[in-house]
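Worksheet: the structure to be examined is printed underneath.
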Amino acid sequence: MATMRAVVVNEAGGDFELEQREVPTPGVGEALLRVHACGVCHSDSFAKQGGYPGVSHPLVPGHEIAGAIEALGDGVNGWETGQRVGVGWFGGNCGYCEWCRRGWLIDCENMEIPGITVDGGYADYVVVRASAMASMPDDIASEEAAPLLCAGITTYNALRRSGATGGERVAVLGVGGLGHLGVQFAAKLGFETVAIARGSEKEELARKLGAHHYIDSLAGDPGQALQELGGADLILSTVTNADAMAAVFSGLRPRGTLLVVGASMDPIAVPAAMLIGGAKTISGRASGTSRDSEDTLAFSALSGIRPMIETMPLERAAEAYEKMMSGDARFRMVLTTGV
């Protein structure tokens with residue numbers, strides 16, 4: 001049997017271990033992908049530490065997978081071996097639960113999540129549901145495509161489905177792994193783009209990414225600073241700090257929305273009365289389906305949007321993960337398999 005390398009977490013809280021495994025065979029409705037690159041995401045901590053519903057060990061992490069189809073299982077139509085594809089958080093839907101039948105595929109009750117509920121892309125090969133695959137443009141390199149399948153789709157899909165229209169003022173809270181892409185997408189979608197971050201050191205970068213304005217949240221009240229610009233029609237929150245979200249809420253214009261895409265378990269402390277005056281809202285959005293990933297990749301190719309990445313070979317997965325978790329990465333770590 002052919003073998004492959006795989007980085008495995010054998011128990012919750014365990015180390016990343018490089019193992020040799022047999023190359024898996026795709027079943028009905030599945031595809032075997034040759035992994036070219038896999039992004040390292042903060043959500044990989046669920047694989048490392050456990051705590052997410054459906055996580056079991058041993059487990060191969062990784063849900064930002066860019067590669068090519070190696071083999072197709074029975075019942076898979078519309079795809080060809082050798083075709084470049086990517087897979088993100090959306091690992092394919094069941095097709096029969098209530099939410100699938102309503103067309104809300106990202107809310108599928110039986111959705112697989114690569115690297116979280118099934119083995120992911122920290123390996124040379126991975127088996128995925130065919131419904132999870134997104135076609136990748138030829139002019140985006142695999143190592144750049146990988147983060148677009150998570151951080152990219154999360155910010156782009158949220159912005160394009162937010163209801164905001166070109167010319168309106170959109171603030172992006174945070175200029176990190178998600179935010180540095182959110183700023184680019186907001187600017188390219190035609191919004192008057194405001195970047196908000198802690199400290200002044202990210203201002204030059206934010207403006208290079210397309211921000212028309214920059215607010216240092218440490219220099220004063222960021223909500224007031226937003227109002228001095230005329231207020232925001234939309235605030236895209238890419239941070240995980242609930243206090244930071246609450247601090248900018250007052251910067252919304254009437255009918256404005258705080259749209260949360262950075263995951264946090266902490267409550268957002270906004271007085272109820274602030275929701276009523278001006279009919280303001282707080283909402284959230286998950287990443288999106290494989291079709292949304294294709295749209296994200298296509299728009300990125302068309303507009304020249306790319307993530308800022310640092311690559312490491314697969315065998316240095318532990319180092320890449322620690323660099324990401326420590327905040328030393330600027331801004332996305334990507335593992336490569338040498339293909």
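The values are calculated or read from the model by the stated rules, or taken from the named source; none is laboratory data. For clarity, every value in this text was computed on a predicted model and none was experimentally measured. Don't worry about glycine lacking a Cβ; one is built from the backbone with ideal geometry, like all the others, and counts go over all protein chains shown. Each accessible area value is taken on the protein alone, full model and side chains, heavy atoms only, with ligands, DNA and RNA left out. Shrake-Rupley method; radii C 1.70, N 1.55, O 1.52, S 1.80 Å.
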Exercise. Give the label of the value calculated from the structure for semi-axes √(5λ) of the Cα gyration tensor in Å, choosing from (i) 35, 20, 19; (ii) 32, 25, 16; (iii) 38, 28, 20.
Key: (i)
Exercise. State which stretch of the chain is the longest one without any exposed GluC sites (Glu not before Pro), exposure meaning a DSSP loop state and at most 15 other Cβ atoms within 10 Å.
Key: 202-339
Practice problem: Could you tell me which of rounded, prolate or oblate describes segment 43-139, using a ≥ b ≥ c as the square roots of the eigenvalues of the alpha-carbon gyration tensor, with rounded for a/c under 1.5 and, failing that, prolate when a/b is larger than b/c and oblate otherwise? | Solution: oblate
Quiz item: Got a number for carbon plus sulfur as a percent of the chain's accessible area, 1.4 Å probe?
Solution: 47 percent
Practice problem: Hey, could you grab the Kirkwood Rh for segment 84-192? Inverse mean 1/r over distinct alpha carbon pairs, Å, one decimal. | Solution: 15.5 Å
Quiz item: Quick one: if you stick a label point 7 Å off each Cα along the C-beta vector at Glu109 and Ser200, how many nm between them?
Solution: 5.6 nm
Quiz item: What number in nm² do you get for segment 246-318 if you take the convex hull of its Cα atoms and divide its surface by four?
Solution: 8.4 nm²
Quiz item: Can you pull the accessible area of Arg21 for me, 1.4 Å probe, Å² to the nearest 10?
Solution: 60 Å²
Exercise. Could you tell me the accessible area of Thr336 in Å² (1.4 Å probe, neighbours in place), rounded to the nearest ten?
Key: 40 Å²
Quiz item: How many lysine pairs does the chain hold where the Cα atoms are under 29 Å apart and the two sit 8 or more places apart or on different chains?
Solution: 7
Exercise. Enter the angle in degrees (range 0 to 90, nearest 10) between the Cα long axis of helix 290-303 and the first principal axis of the Cα atoms of the chain, meaning the one along which they spread out most.
Key: 60 degrees
Practice problem: With an 8 Å cut-off on Cα pairs and a minimum separation of 6 or more residues, tell me the relative contact order of segment 1-92 in percent. | Solution: 30 percent
Quiz item: Taking segment 127-163, which trypsin sites (Lys or Arg not before Pro) meet the DSSP loop condition and have no more than 14 other C-beta atoms within 10 Å?
Solution: Arg161
Self-check item: the chain - charge dipole about Cα centre, Lys and Arg +1 at Cβ, Asp and Glu -1, debye rounded to 20
Solution: 1020 debye
Quiz item: Gain in length, Ala318 to Arg207, computed as 0.36 nm per residue apart minus the alpha-carbon separation, to one decimal in nm?
Solution: 36.7 nm
Self-check item: Estimated distance in nm for a label pair at Ser56 and Arg101, the labels positioned 7 Å out from Cα along Cα-to-Cβ
Solution: 2.7 nm
Quiz item: GNM, the chain, Cα, under 10 Å: largest mean-square fluctuation among Gly284, Gly91, Gly78?
Solution: Gly78
Exercise. May I ask what percent, to the nearest 5, of DSSP beta bridges between residues of the chain are antiparallel?
Key: 55 percent
Quiz item: Any idea how far the Cα center of segment 130-191 sits from the one of segment 33-111, in Å?
Solution: 19 Å
Quiz item: Ignoring ligands, DNA and RNA, how do Ser56, Ser162, Ser287 rank by accessible area with a 1.4 Å probe, largest first?
Solution: Ser56, Ser162, Ser287
Practice problem: Determine the order of Ile196, Ile106 by accessible area, beginning with the largest, at a probe radius of 1.4 Å. | Solution: Ile106, Ile196
Quiz item: Which longest uninterrupted range of the chain lacks any chymotrypsin sites (Phe, Trp or Tyr not before Pro) assigned by DSSP to a loop state (not H, G, I, E or B) and surrounded by at most 16 other Cβ atoms within 10 Å?
Solution: 105-339
Exercise. Could you list the trypsin sites (Lys or Arg not before Pro) in segment 301-336 that lie in coil according to DSSP, counting only those with at most 15 other Cβ atoms within 10 Å of their Cβ?
Key: Arg330
